[in-house]
1. Among the residues in the range 77-91, are any part of a loop (DSSP other than H, G, I, E, B) and at pLDDT 95 or above?
2. Please go through (1) within 14 Å of the chain's Cα centre (by Cα); (2) modelled with pLDDT of 95 or more for Met9 and return the number of the only condition it doesn't satisfy.
3. Scanning the range 53-70 for residues that are within 18 Å of Met24 (Cβ to Cβ) and out of contact with any helix residue (DSSP H, G or I) (no Cβ under 7 Å at 6 or more places or on another chain), which turns out surrounded by the fewest Cβ atoms within 10 Å (Cβ to Cβ)?
4. For the subset of the range 7-37 comprising residues that are free of Cβ contacts under 8 Å to residues at least 12 places away in the same chain and in a helix (DSSP H, G or I), which member is surrounded by the fewest Cβ atoms within 10 Å (Cβ to Cβ)?
5. Can you tell me which residues in the range 71-86 are farther than 15 Å from Leu32 by Cβ, under 16 Å from the mean Cα position of the chain (by Cα), of a type outside the set (Val, Ile, Thr) and open to solvent by 50 Å² or more (accessible area, probe 1.4 Å)?
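The values are calculated or read from the model by the stated rules, or taken from the named source; none is laboratory data. Everything quoted here is computed from the prediction, not taken from an experiment. Reconstructed Cβ throughout: ideal geometry from the backbone, glycine too, with neighbour counts over all protein chains shown. When the accessible area is computed, the model is the full protein with side chains, heavy atoms only, and any ligands, DNA or RNA have been set aside. Shrake-Rupley method; radii C 1.70, N 1.55, O 1.52, S 1.80 Å.
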Amino acid sequence: MFSQIKELMVKIFIGGLPDNIQEMDLAILVSLHGRVETIKIVRDRATGKCKGYAFLEIYSLPDAKNIVSTLNGETFKGNVITVKISEEESGVQAAKPKSNQPFKSKRPRLQR
């Protein structure tokens, strides 16, 4: 049953976020317009600062559409944010190797 609920959720993208954003700040902003299930702020590994965007899973499509129509182009903490429904990649595309080069095996060791 959990997987059925997961499939119904809608993922949205929010861009233009300040580098010091916290999950709670985003939750407060977005939850006024729809039910938020998960928040994933994309951060720089070295500094921990926000890279300027986040992905949220929203409980339903009507909630997601309301969030997009209400918040897209609004100012949040001094930045104009972009909010849109995320285009999901299919599982087949995600499983492809990162490069177009075929797998290279190791060279045989020279015997001495």
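1. yes
2. (2)
3. Filtering the range 53-70 for residues within 18 Å of Met24 (Cβ to Cβ) gives 53-58, 67.
Pick out the ones that are also out of contact with any helix residue (DSSP H, G or I) (no Cβ under 7 Å at 6 or more places or on another chain) and you get 53, 55, 57.
Details: Tyr53: 16, Phe55: 14, Glu57: 17.
So, considering only residues that are within 18 Å of Met24 (Cβ to Cβ) and out of contact with any helix residue (DSSP H, G or I) (no Cβ under 7 Å at 6 or more places or on another chain), the one surrounded by the fewest Cβ atoms within 10 Å (Cβ to Cβ) is Phe55.
4. Among them, the one singled out is Glu7.
5. Lys84
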